[in-house]
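Here is the structure we will look at, set down as structure tokens.
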Amino acid sequence: MRDAFVRTLLDEAKRDKDVVLITGDLGFGVLEKFESELPSQFINAGVAEQSMLGLAAGMASTGKRVFVYSIGNFPTIRALEQIRNDICYMNNSVVIVAVGSGYSYGSQGYTHHALEDIAVMRALPNMNVYSPADPLETELITRELVKNQKPSYLRLGRSGERIFNRNPLTLENGRFNQIHRGKDGTILFTGSIGSNVIEARDFLLTQGIEVGVISIPYISSICKADLESLDSTKPIISVEEHTIRGGLTSALLERISTFRLNIQIVPVTAEQNNLSNIGDQNYLRNMNGLGVPQITSYFFQNN
Amino acid sequence: MKIASAAEELAKAARIEILKMTSFAKASHVGSALSVVDILSVLYSGVTNIRTDNISAKDRDVVILSKGHAASALYSVLALRGFFPKEFLDSYCGNGAKLGGHVTSSELAGVELSTGSLGHGLPYGLGIALSRKIGGDKGKVFVIMSDGECDEGTTWESALLANHHELTNLVVIIDRNRIQSLKDTEETLKLEPFQRKWENFGWNSIDVDGHDFSALSKAMIDENDGPKVIIANTTKGRGVSFMENSVLWHYRSPNDEELSSAIAEIEKRK
């Protein structure tokens with residue numbers, strides 16, 4: 001996903017010199033091409049995230065479309081008040097890009113796990129949260145982000161994500177992305193946990209259970225029509241590599257309450273039982289309730 | 001000198017507005033506003049090219065008041081220079097007011113950045129300066145900070161960044177009144193040797209009397225070959241003898257009697 005992001009941004013930035021990419025001294029092996037091709041549109045702010053977000057806001061106030069790139073919690077939680085005051089309050093055109101969603105950097109320890117970022121970013125006024133599931137969604141959203149002028153947060157996985165969308169992807173801005181249809185239930189999800197979701201669907205098919213799969217990359221703009229289109233007579237689960245407190249499932253339930261809809265959604269979220277757990281992404285997903293068997297279990301219970 | 005005399009006149013009128021605003025609104029930070037108002041008055045008396053008729057120009061100068069709690073000083077100076085109606089000052093801090101207790105930009109001409117949490121103005125101003133350097137745009141960026149604000153980590157992150165990017169278009173002015181929220185800055189968190197710290201970070205630095213209009217304007221205008229810091233030695237509560245150098249007036253607002261005597265003292269001065 002990060003390669004799809006950088007490739008797309010470079011393509012857009014060549015056409016629009018107001019696009020600027022700032023890194024917080026991260027992106028080894030990822031950002032070199034951008035830097036060498038567009039040196040005047042690239043800045044390494046050093047290891048100074050708070051000032052980086054403040055200066056990004058200042059640059060945006062002069063008409064630049066600023067993308068700030070870093071890992072995990074560094075460009076978000078570390079610099080939260082700069083985002084709140086200098087970007088959201090001032091409504092400046094900055095896109096915060098965090099690579100390494102969820103347990104992507106699993107073995108690096110909890111400091112590097114991004115499991116509360118959606119909640120924290122979603123709480124801010126004027127902030128728009130984007131969480132693509134694969135490289136195609138990433139490319140589509142990156143192109144949109146260059147054009148729109150709003151404060152935004154782009155949550156990315158790491159690398160090597162499988163493509164599960166059809167190429168070319170057509171997706172209306174703000175809408176659910178129905179990847180598969182299914183008569184026996186629905187899996188809603190966001191981000192790179194989609195690989196486990198697709199695997200769960202494939203396994204369920206072998207058991208004669210056909211579930212629909214919907215990616216939700218536009219977390220800040222869940223619309224009533226999309227919620228109403230869900231088949232609430234069958235089980236619906238919401239899978240996210242994020243805490244239950246304030247993430248995708250929270251966003252869905254807030255909208256369901258606001259629209260007074262009668263839909264029940266079962267949360268499948270990162271359990272965070274032991275913050276000191278070390279292991280790769282797959283291991284930690286399994287340890288925290290996000291493994292393929294755990295996802296499929298909700299449909300066996302209900303069939 | 002033309003700038004100095006214009007600034008002196010502006011500062012005198014602004015002081016009276018500050019006293020009225022903080023008194024009527026029963027708002028705090030009058031001491032901080034009286035401390036910084038001479039600096040602001042110099043900036044808006046010919047040092048910068050910010051005028052009502054070029055406010056939307058991309059290459060004009062920019063002033064950011066990072067010590068947002070001294071908002072009444074910025075609002076007074078801007079209103080007196082015609083950036084927005086003087087009546088806005090009357091409702092300062094009131095329900096539905098345009099002017100909040102900490103600098104609130106909400107589409108007000110001349111107010112670049114809403115501030116109030118310390119340590120935000122410098123990185124933001126640095127971003128503007130960097131953007132202009134890259135784009136070859138003219139116009140300087142002046143960021144006014146308090147000395148207590150230099151406790152913030154972003155001050156020193158940004159000190160590194162400004163030097164690294166050789167931002168000759170960035171000027172920081174520090175309102176060095178030596179009093180922060182509870183006590184003297186040196187008792188709270190030592191800043192000295194203060195000027196040397198900035199020099200070691202690669203900045204041009206000047207130490208001036210922050211109430212000497214000629215010295216201030218010279219320091220602001222003088223050429224620099226890197227980012228520039230002006231350490232403006234000031235007196236908290238300057239101009240009202242019973243407010244000077246007192247932590248109390250970081251919080252208290254003048255009652256009717258104190259307001260009359262304060263205004264009388266300001267008016268009596270030449």
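Would you mind pulling out the separation of the Cα centroids of the range B:168-239 and the range A:1-62, in Å?
33 Å
Take the alpha-carbon centre of the range A:154-181, take the same for the range B:107-156, and report the distance between them in whole Å.
The range A:154-181 and the range B:107-156 have Cα centres spaced 39 Å from each other.
Applying a 10 Å radius around every beta-carbon, put B:159-172, A:58-71, A:26-39 in order of their mean neighbour count, most first.
Packing proxy ranking, top to bottom: A:58-71, B:159-172, A:26-39.
For chain A, what is the calculated [θ] at 222 nm in deg cm²/dmol (nearest 500), taking -39500 (n - 2.57) for each run of four or more DSSP H residues and dividing by its residue count?
Mean residue ellipticity at 222 nm (helix-derived): -9500 deg cm²/dmol.
What's the percent breakdown of Cα-Cα distances in the protein assembly as shown across 10 Å bins, shortest bin first?
All Cα pairs considered, the percentages come to 3, 17, 24, 20, 15, 12, 6, 2, 0, 0.
Work out the P(r) tail for the range B:120-206: percent of alpha carbon pairs separated by more than 20 Å, whole number.
33 percent
Give me, ordered by chain and number, the residues 5 or more places off A:N44 or on other chains with an amide H under 5 Å from its own placed amide H.
A:T23
Hey, what angle do you get for helix A:292-301 against the long axis of chain A, alpha-carbon based, 0 to 90 degrees rounded to 10?
Between the helix axis and the principal axis of chain A, the angle is about 40 degrees.
Residues of A:35-45, mean number of Cβ from any other protein chain within 10 Å of their own Cβ, rounded to a whole number?
2
Just to confirm a number: summing +1 for Lys and Arg and -1 for Asp and Glu over residues other than B:L34 whose beta-carbon lies under 14 angstrom from that of B:L34, what do you get?
Around B:L34, the surrounding residues sum to +2.
Can you tell me how the range A:193-265 classifies by the Cα gyration tensor, rounded, prolate or oblate, using a/c under 1.5 as the rounded cut?
Cα axes put the range A:193-265 in the oblate bin.
In peptide A:57-67, how many Cβ atoms from other protein chains are near each Cβ within 10 Å, on average?
6
With everything on Cα atoms, drop me the angle between helix B:30-42 and the longest principal axis of chain B, reported from 0 to 90° to the nearest 10.
50 degrees
Classify the range B:195-242 as rounded, prolate or oblate from the Cα gyration tensor: take a ≥ b ≥ c as the square roots of its eigenvalues, call it rounded if a/c is under 1.5, otherwise prolate when a/b beats b/c and oblate if not.
Here the range B:195-242 falls in the oblate category.
Can you give the convex hull volume of the alpha carbon atoms of the range B:2-268 per residue, in Å³?
111 Å³
Based only on the alpha carbon positions, what is the Kirkwood hydrodynamic radius of the range B:1-141, in angstrom?
Evaluated over the range B:1-141, this radius sits at 15.3 Å.
Write down, largest first, the equivalent ellipsoid semi-axes of the range A:15-116 in whole Å, where each equals the square root of 5 times an eigenvalue of the alpha-carbon gyration tensor.
22, 18, 10
On alpha carbon coordinates alone, what is the Rg over Rh value for the range B:80-145, Rh being the Kirkwood radius?
Reported Rg/Rh (Cα atoms, Kirkwood Rh): 1.04.
For chain B, what relative contact order do you get, as a whole percent, if you take Cα pairs closer than 8 Å and at least 6 residues apart?
Relative contact order, chain B: 24 percent.
Taking 7 Å along the Cα-to-C-beta vector as the label spot, tell me the A:N274-B:A57 distance in nanometres, rounded to one decimal.
Roughly 6.6 nm, to one decimal.
Per-residue ellipticity at 222 nm for chain B, helices alone: DSSP H runs ≥ 4 residues times -39500 (n - 2.57), over residue total, nearest 500 deg cm²/dmol?
-12500 deg cm²/dmol
Taking every residue in B:114-122, how many Cβ atoms of other protein chains lie within 10 Å of its Cβ, on average?
Rounded to a whole number, the mean comes out at 4.
Just order B:53-62, A:88-97 by mean Cβ neighbour count inside 10 Å, highest at the front, would you?
Sorting B:53-62, A:88-97 by mean packing, highest first, produces A:88-97, B:53-62.
For chain A, what's the relative contact order in percent, using C-alpha pairs closer than 8 Å and at least 6 residues apart?
Dividing the mean separation by the residue count of chain A yields 17 percent.
What net charge do the residues around B:G94 carry, taking every other residue with its C-beta under 14 Å from that of B:G94, with Lys and Arg at +1 and Asp and Glu at -1?
Result for the neighbourhood of B:G94: +1.
Given axes a ≥ b ≥ c from the Cα gyration tensor, I'd like to know whether the range A:15-67 is rounded (a/c under 1.5), prolate (a/b larger than b/c) or oblate.
Oblate shape, in that a/c is at least 1.5 and b/c is the bigger or equal ratio.
Quick one: what does P(r) look like for chain A with 20 Å bins over all Cα pairs, in whole %?
That works out to 35, 57, 8, in percent per bin.
Once you list every other residue whose beta carbon is under 12 Å from the beta carbon of B:G116, what net charge do they have if Lys and Arg are +1 and Asp and Glu are -1?
Neighbour charge sum, excluding B:G116 itself: -1.
I need the fraction of alpha carbon pairs in the range A:177-301 separated by more than 25 Å, rounded to a whole percent.
It works out to 20 percent of all Cα pairs.
How big is the range A:245-303 in terms of Cα radius of gyration and Dmax, in angstroms?
Over the range A:245-303's Cα set, Rg and Dmax evaluate to 14.2, 41 Å.
Only the coordinates and a few stated rules stand behind these numbers; no lab work does. Note that this is a predicted model, so its numbers are computed, not measured. Quick reminder, even Gly has a Cβ in these numbers, built from the backbone with ideal geometry, and neighbours come from all protein chains shown.
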